[in-house]
Amino acid sequence: MSASMFTILVPIILSFSYPIFLEAQSGHLPQDELIALKEIANQVGKKDWDFSLNPCGNNSNWLAPQSLDTPLYTNNLTCDCNFPAGICHVLRINLKGQDLQGVLPPALVKLPFLKTIDLARNYLSGTIPPEWASMKLEFISLTVNRLSGPIPKYLGNITSLTYLSLENNMFTGSVPPELGKLVNLQHFILSGNYLTGELPKEFNALTELIELRLSNNNFTGKLPSFPSLKNLQILELQASGFEGPIPQNISVSTSLREL
């Protein structure tokens, strides 16, 4: 009797104890990524990250729930913990609407698994660090900051990008033709700057574009027809500075739904 009871009870004990063991485990960042986060906090001017807490522990200091009272504020750091030995890596940083008054952080390059950086609606100044050019970022949003100077040519090296928004900053000069190398880009937003000159012909290589917004700039020359951008769904050009007439083939994209 005792042997049969033992054979029945063992699987039951295992089935309950195994999940509890998994939940008790806590993934953690490598030390070099923790140091990088401290550098990033210093560079952007973020003073409320609590490094006594685990950044990947889903606590509210590092992963704050969205509040209806502050819909324009986001404070999220997301980790990927699907690595052996409980190791995690920083995957996304979203610090929107926090009145940060520093600069774009060069130390971002020390987070080798980072895919998303969203620093929209802050007071960050300067320009995009050259260190970012070697990263494999897929999403960059710098909307509504105080970034200035020319758009750096080396931004075209981040060929993994699918989303890039530089909207409502103070960028000047012409759009560098090197941005034509961003062949995976689907969303490209340059509205609300002081950009001048003509759009480079290299833009025709951006055949994956779904959204292109160029409004409120000081571009010159004829309004482009964008003949190769056949996937465009949104094209925004008001107050862009381009001259008419409107090209007959500007609606070559059958998927265009907003013009």
message: Looking for something surrounded by fewer than 19 Cβ atoms within 10 Å (Cβ to Cβ) and basic (Lys, Arg) - is there at least one such residue anywhere in region 79-95?
response: yes
query: Just a yes or no: is a residue in region 149-156 modelled with pLDDT of 95 or more, assigned to a helix (DSSP H, G or I) and closer than 28 Å to Pro55 by Cβ?
result: yes
- prompt: Quick one: in region 96-129, which of the residues that are out of contact with any strand residue (DSSP E or B) (no Cβ under 8 Å at 6 or more places or on another chain) and assigned to a helix (DSSP H, G or I) is least open to solvent (accessible area, probe 1.4 Å)?
  reply: Ala107
- prompt: Can you tell me which residue in region 221-258 is surrounded by the most Cβ atoms within 10 Å (Cβ to Cβ), limited to those that are touching a Ser or Thr at 6+ places or on another chain (Cβ under 9 Å) and among the acidic types (Asp, Glu)?
  reply: Glu236
field: region 186-220 - residue that is open to solvent by less than 10 Å² (accessible area, probe 1.4 Å) and either small (Gly, Ala, Ser) or touching a residue at least 60 places away in the same chain (Cβ under 8 Å) (or both) and, of those, nearest to Leu235 (Cα to Cα)
entry: Ser215
message: For region 170-185, check the following and say yes or no: at least one residue is touching a residue at least 12 places away in the same chain (Cβ under 8 Å) and under 17 Å from Leu95 (Cβ atoms).
response: no
message: For the structure I just gave you, tell me whether Thr143 is farther than 19 Å from Glu131 by Cα, touching a residue at least 24 places away in the same chain (Cβ under 8 Å) and in a strand (DSSP E or B).
response: no
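The values are calculated or read from the model by the stated rules, or taken from the named source; none is laboratory data. Quantities reported herein were computed from a predicted structural model and do not represent experimental measurements. Reconstructed Cβ throughout: ideal geometry from the backbone, glycine too, with neighbour counts over all protein chains shown. These accessible areas exclude ligands, DNA and RNA; they are computed on the full protein's heavy atoms, side chains included. Shrake-Rupley method; radii C 1.70, N 1.55, O 1.52, S 1.80 Å.
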